[in-house]
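The values are calculated or read from the model by the stated rules, or taken from the named source; none is laboratory data. Here the structure is a predicted model, which means the values were calculated and not measured. All Cβ positions, glycine included, derive from the backbone under ideal geometry; neighbour counts span all protein chains shown. Side chains included, ligands, DNA and RNA excluded: accessible areas come from the protein's heavy atoms. Shrake-Rupley method; radii C 1.70, N 1.55, O 1.52, S 1.80 Å.
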Amino acid sequence: MNRTTAIAEPKASDLFLDGNLPPMLVRASAGTGKTYRLTARLLQILIQGAPAESILATTFTRKAAGEILERILLTLASAAAVENESALQSLRDQVGIPTLSRTMCLQLLQKLVANIHRVRICTLDSLFTQLAKSFPFELRLPPAWRLTDEIEEGWLRERAVNAVVSMLEPGELSTLLAMLSKGETKRSIARELIQIVSGAYTLSRQGGADVWQKLDAPTAPDDAVLTAAAGSFRLSEPKQKTVRAKLDAMAELIETRQFDSLDKETLIKNYAKAKRLGEVTKLGRSALPDGLDDALGALYAAARSKTLSLLAAQNDATGQVISLYDGQIGQLKQSLRTLGFDDVAIRLAETFSAVDHQSINRRMDGAIDHLLLDEFQDTSPAQWQVLRPLALRVTDPTVDPDPDPESAVKRSFFCVGDTKQAIYGWRGGVAEIFDAVGEEVGGIASVEQNTSFRSSPVIMDLVNQVFKNLTRHKIADAASERNEADKSVHEARSVVQFAKKFPTHDASKHSMPGYVRFETCPKIDGNEAALKTQACFELAARRIADLYHQAPERTIGVLTRTNKAVAHLIFLLEQLGVDVSQEGGNPLVDSAAVDLVLSALMMSEHPADGRWRFHVEQSVLGQVDGMSAEYVRELVTERGIAQAVFHLASYVAPQCNARDTTRLRQLTQLAVAYEPNATSRLRDFVRMVREKRIERPQAAAVRVMTVHQSKGLEFDAVVLPELDGNLVGMPPLCVVDRPKLSEPPIAISRFLTSEAWHFLDSGWQKAFGKDAASKMTEALCLLYVAMTRPRQALYMIVQPCKSDEKKPSALIHAGLGCQADLNAGETLLHEQGVSNWYE
């Protein structure tokens, strides 16, 4: 199938009705030409005479924004070239305008270049920053404010938490910590509070002051009821010794009023299940004696009251911490005149909907009549609250914008994304917003793209097999159950829904060869996870090295789930002589030369600490005349941090190889960028260097990265060596109840172990279940993104495990219907295509 005809929009004559393009929502699967489609829409709008400043196109990375603008300019330049008739015809097909002339392309190109400063193709962060600068008084922004980066945000968070700790009396702090941890002892007060504000602050900022007080704890049964319940347990006459022992233990807990551990008690869960199903309460296979219903009810009520009281107290304490932190971080950022991207988004979400369009038009240098949203599945609720007024305006037929007599199309809305690639929930992205657009934007047409122009038929066939057959795995068995308090039910429904909605993927390049290999590494007995991981990574490294040496001109992407795995694999590959790089970069301390310069700086900061002095004295810096802590401190004081780093690096560089020399150069550049906002403490600079990731200038043929970092990239071959962790990661710190995504949350609660969800009322069970389902869906999306990055070959190396475990490897094994045992070592589980695909 031809690429253009597969994704070209309808003819222009059908599109431009009543001066408008119909609103469009495009669901574009991986590799199906999403950027091509968005570029086509932009060109249609521009060709019809819309001014460049009336168009706003947003995406999530600067690289993607640059690629869109580059495609537009290159497409027009190619079509305008006299000798390139095929490019002109291709553009005509792309935009659906058969009468498009070469002269018109040249004129439009000249117009765009002349007004390049007014072309708004940008990231959401860039757009929000521009909006914030246009409305500084409405957003209550400090004068001459600047944006922070992630590292500075971390420093400011620590300072604000320390301020919270110092402002509380010891008794108040002890009470607060006891409530936060449900009575458990924590080693570090500051670490506990940092963890809380990191996980809860952003979520709660848009909610009202009482969002943490919405969980109600029931009153516990009175003493007479509990005493009677204990007596009933004591006097009952079960036949089984195990039942007797359990009833005595329950009576003991009631008599001593020790209900803290009952949230995980088997008998409590069995009672809740029996009441839900209308059955007799059992312990194992043994039914309890008659006449214990009231006693069990009292025990359950006491356990429920205790569990939810602790959770409500924890919520209340979290709300107090968030409130105190909000005051401290606000004052700190105001004094430093800094804001984070979240700060800008939240302030805009709170006020932007009330700003009239005339003010927006004036301050944004023109009306926004055409809105194009890319990668919309990763949009957060706060971001959508800012974009929503713009979307509603350009799709509202009653709005009469300032007409441009040269433009045939007055307003338009275009949104493209893929809910199967929604992998940024951890930073606020909510895939459901993509579906909500169809409900909130009137008259929108939905279009699907499922023909891949990236991958070979072998890869697409594998993807179809795995994701259409997810329900073969045991994880989906609970989907038909009606227990809203069971986490596995919500996860199962998520898996079933994902498989049911998964569209059949086709490959445009039918003749492209491809290859898939799914195998286990050597089996390691015992429970030593590190040894099992080592065996898997070593096999993966050998496979990568073999492929690298056999096909050095091919690109290979090695995708992992964790940053720790990235570093491990890079080390193994370098040992095998593979030229490898890391997407997103490493901290500069991966170079011994950089570490040496940092030791010299730390030596001047802490002269009494012999570690830094010993490192310097045993190196080339130790041979410099007068090298000491005072020498370095004087160097920094007189010349500044950038010149000091350059001076120290100049002594080290002659002893370095090319890689370390490059890292020293990057260290100097980092110091130059840091100097305008430098603090008086050198350890702040050293800490930043140790944390900030810096890419190597040139990517190698083999690139190792996390799956998140691979989004938007493609490789000739992809290797997946880390498919063995749990599908769903750690539980969230808190759960949000947000009935409408376009509105702030109405309630927030700290997370409750899934074993105790039966204590929650139906509303909270639904909120917790929705969170569990979304986490499972995101895990499936992550697997989908990983498996759709290759053009031709996919290698999956996994650790042996049971086929019913909740792991990506087990899902793939079930989806493919593999007959080979997943729990056997060094076994080829599935092979498809030709192994010498690279020839």
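By a 1.4 Å probe calculation restricted to protein chains, Phe646 has an accessible surface near 120 Å², given to the nearest 10. Over segment 191-299, the hull volume per residue, using the convex hull of the C-alpha atoms, is 164 Å³. Taking the helices alone, the chain has a mean residue ellipticity at 222 nm of -16000 deg cm²/dmol, built from -39,500 (n - 2.57) per DSSP H run of at least 4 residues and averaged over all its residues.
Can you grab the distance from the C-alpha centre of segment 515-588 to the C-alpha centre of segment 93-150, Å, no decimals? If you average the Cα positions of each part, the centres end up 41 Å apart. Taking a threshold of 19 Å on the Cα-Cα distance, which of the pairs Lys306/Lys775; Lys182/Lys306; Lys468/Lys807 fall above it? From the list (Lys306/Lys775; Lys182/Lys306; Lys468/Lys807), the Cα-Cα distance tops 19 Å for Lys306/Lys775. Relative to its residue count, segment 194-255 spans a Cα convex hull of 161 Å³ per residue. Short-range pairs are left out: with C-alpha atoms under 8 Å and at least six residues apart, the relative contact order of segment 720-759 is 31 percent.
Unpaired Cys in the chain, meaning no second Cys C-beta under 4.7 Å: Cys105, Cys122, Cys415, Cys656, Cys734, Cys781, Cys801, Cys818.
In summary, the lysines within cross-link reach of Lys802, defined as a Cα separation below 20 angstrom excluding same-chain residues under 8 places away, comprise Lys474, Lys523, Lys532.
The mean accessible area for residues of segment 45-109, using a 1.4 Å probe and ignoring ligands and nucleic acids, is 44 Å² per residue.
Across segment 557-608, Cα-Cα distances exceeding 16 Å account for 54% of all pairs. A straight line joining the Cα centroids of segment 323-381 and segment 694-717 runs 32 Å. Shown in residue order for segment 565-575 are the 3J(HN,Hα) couplings computed by the Karplus curve 6.51 cos²θ - 1.76 cosθ + 1.60 at θ = phi - 60°: 5, 4, 4, 4, 5, 4, 4, 5, 5, 5, 5 Hz (x for Gly and Pro). Inter-part distance, segment 620-668 to segment 732-764, computed on C-alpha centroids, equals 53 Å. Roughly what angle does helix 341-351 make with the longest principal axis of the chain, taking Cα atoms, 0 to 90 degrees, to the nearest 10? Once rounded, one gets 90 degrees. Taking other residues whose beta carbon is less than 10 angstrom from the beta carbon of Leu288, and scoring Lys, Arg as +1 and Asp, Glu as -1, yields 0. Based on the reciprocal of the average 1/r between different C-alpha atoms, the Kirkwood radius for segment 267-385 equals 20.6 Å.
When only Cα pairs below 8 angstrom with a gap of at least 6 residues are kept, segment 646-774 shows a relative contact order of 12 percent. For the chain, the Kirkwood estimate of hydrodynamic radius, built from reciprocal distances between every pair of different alpha carbons, is 30.7 Å. Excluding same-chain neighbours fewer than eight residues apart, the aspartates and glutamates reachable from Lys806 by a Cα-Cα span under 17 Å are Asp477, Asp486, Glu491, Glu722, Asp724, Glu778, Asp821. Computed in the context of the full set of protein chains, the accessible area of the chain at 1.4 Å probe radius has 50% of its extent on carbon or sulfur. Note on Leu829: accessible area approximately 20 square angstrom, rounded to 10, probe 1.4 Å, nucleic acids and ligands left out. Mean separation of Cα pairs under 8 Å and 6 or more residues apart, divided by the residue count, gives the chain a relative contact order of 19 percent. For Val718, the residues whose amide H sits under 5 Å from its own are Gly557, Ala793, Leu794, Tyr795, ignoring neighbours fewer than 5 places away on the same chain, with H placed 1.01 Å from N. Counting only protein heavy atoms and using a 1.4 Å probe, the accessible area of Leu76 comes to about 0 Å².
Amide H to amide H, with H built 1.01 Å from N, Thr706 comes under 5 Å of Thr560, counting only residues 5 or more places away or on other chains.
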